[in-house]
Each structure stands twice: as structure tokens, then as C-alpha cells.
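Notes for the one structure printed next.
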Amino acid sequence: MKRILDRADERILAELTRNARIPHAELAAKVNLSRNAIRQRIDRLERDGLIQGYTIVAGDGRPAASTIAAMMFVYRHDRMRGGDVIHALRRIREVVSCDVMSGEFDLVVRVEASEADRIRQVWQEISALPGVRDTLTAFALSSMIQR
């Protein structure tokens with residue numbers, strides 16, 4: 001059942017988005033609820049899938065200077081039955097995200113590594129996967145927005 005968020009839930013999500021480590025007591029004061037109510041609501045938001053995890057962003061939010069990112073656009077032989085490709089991508093440590101796309105490309109895969117040569121190796125590994133028809137790779141020159 002899809003749960004409707006009330007104003008308190010929206011405020012809790014907004015505060016947690018700003019600072020996921022905010023103490024429950026501080027969050028309770030900002031939202032005008034008790035600490036116990038905050039804990040129960042956060043638990044419910046997690047169960048309902050509105051909070052799916054917590055992330056650590058080091059430094060000022062940008063990747064370390066030594067991190068190189070590339071986007072790989074992947075074409076599969078069979079879009080509808082190409083789950084093996086996605087399963088194989090999950091096992092590659094440098095793959096940080098994979099989105100199934102509509103339109104021309106099947107998948108957009110973000111790869112991050114400390115060296116361009118490692119991205120080339122990952123590209124070769126992805127290109128050789130059974131089910132992959134073709135790839136197109138673009139290196140990120142800079143990251144302007146990262147949340």
C-alpha cells in the first residue's frame with residue numbers, strides 16, 4: 001500500500017537529506033515531535049522504501065582529484081532478456097551506477113577508477129560480456145553537480 005506523506009514526514013526527509021547523521025533529539029526539535037516519534041517515523045520511511053540507504057560523501061562533495069569517471073552507453077543484443085549483463089555489471093567494483101534507458105541506448109553505466117587505464121580494462125570487460133552488442137564511452141571532464 002502506498003503511504004501518503006504528511007508534512008512532518010516531508011520535513012524529516014528534508015532534514016535527513018541535509019544531514020543524515022542529525023541526532024534524533026535535534027531532528028525532533030526541528031520537526032516538533034518527540035524523539036520516539038522521530039525514530040518510529042524514520043523506521044517506517046525505511047520500511048516503505050522512501051529512505052533506501054545512507055551515504056558518506058567525503059570532503060566537499062566532489063570526487064577525489066584522482067578519480068576519473070566515464071559513462072558507458074551499452075547496447076545489448078536483447079533488451080528484454082538482457083538481465084545477465086546487468087548481473088555481471090554488479091560484480092565489477094568500478095561500476096558505481098547502471099540505469100536502464102528508453103530510447104537509443106539500453107544501459108548507461110557510470111564507471112569510476114583512479115586511472116584511465118583501469119577504465120579501459122573495465123570497458124574491455126564490459127564489451128566482452130555475452131549479451132553486449134556494442135558500447136560507446138565518454139569520459140567526464142568535470143563534475144558540476146553531485147548530490
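The values are calculated or read from the model by the stated rules, or taken from the named source; none is laboratory data. Keep in mind the model is a prediction, meaning the values are calculated, not measured. FYI the Cβ positions are ideal-geometry reconstructions off the backbone, even for glycines, and counts take in every protein chain you see. Heads up: the accessible areas ignore ligands, DNA and RNA and are worked out on the full protein's heavy atoms, side chains in. Shrake-Rupley method; radii C 1.70, N 1.55, O 1.52, S 1.80 Å.
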Point to revise | Members of region 104-147 that are within 17 Å of residue 88 (Cα to Cα) and among the β-branched types (Val, Ile, Thr) | key: 108, 109, 111, 119, 122, 126, 132, 135
Exercise for review: Tell me, yes or no, whether region 30-41 has at least one residue that is at pLDDT below 90 and more than 13 Å from residue 13 (Cα to Cα).
Suggested key: no
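Among residues belonging to region 1-11 that are part of a helix (DSSP H, G or I) and not acidic (Asp, Glu), point out the one that is surrounded by the fewest Cβ atoms within 10 Å (Cβ to Cβ).
Initially, region 1-11 is screened for residues part of a helix (DSSP H, G or I), giving 7-11.
When the remaining residues are screened for being not acidic (Asp, Glu), the result is 7-8, 11.
Working: 7: 8, 8: 14, 11: 16.
The qualifying residue surrounded by the fewest Cβ atoms within 10 Å (Cβ to Cβ) is 7.
Specify the residue that is nearest to residue 101 (Cα to Cα); the eligible residues are those in region 123-147 that are hydroxyl-bearing (Ser, Thr, Tyr) and touching a helix residue (DSSP H, G or I) at 6+ places or on another chain (Cβ under 8 Å). Let's see the steps before the verdict.
Looking only at region 123-147, we keep the residues that are hydroxyl-bearing (Ser, Thr, Tyr), and these are 127, 135, 137, 142-143.
Checking which are touching a helix residue (DSSP H, G or I) at 6+ places or on another chain (Cβ under 8 Å) leaves us with 135, 137.
Working: 135: 14, 137: 16 Å.
So, considering only residues that are hydroxyl-bearing (Ser, Thr, Tyr) and touching a helix residue (DSSP H, G or I) at 6+ places or on another chain (Cβ under 8 Å), the one nearest to residue 101 (Cα to Cα) is 135.
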Revision key, fill the gap. Looking across region 12-48 at residues that are open to solvent by less than 80 Å² (accessible area, probe 1.4 Å) and not in a helix (DSSP H, G or I), the single one that is farthest from residue 146 (Cα to Cα) is 34
Review point. Out of all the residues in region 65-75, is one or more at pLDDT 85 or above, in a loop (DSSP other than H, G, I, E, B), surrounded by 13 or more Cβ atoms within 10 Å (Cβ to Cβ) and touching a strand residue (DSSP E or B) at 6+ places or on another chain (Cβ under 7 Å)?
Key: no
Check your understanding: From the residues in region 76-108 that are touching a strand residue (DSSP E or B) at 6+ places or on another chain (Cβ under 7 Å), part of a loop (DSSP other than H, G, I, E, B) and of a type in the set (D, E, K, R), which one is modelled with the lowest pLDDT?
Key -> 106
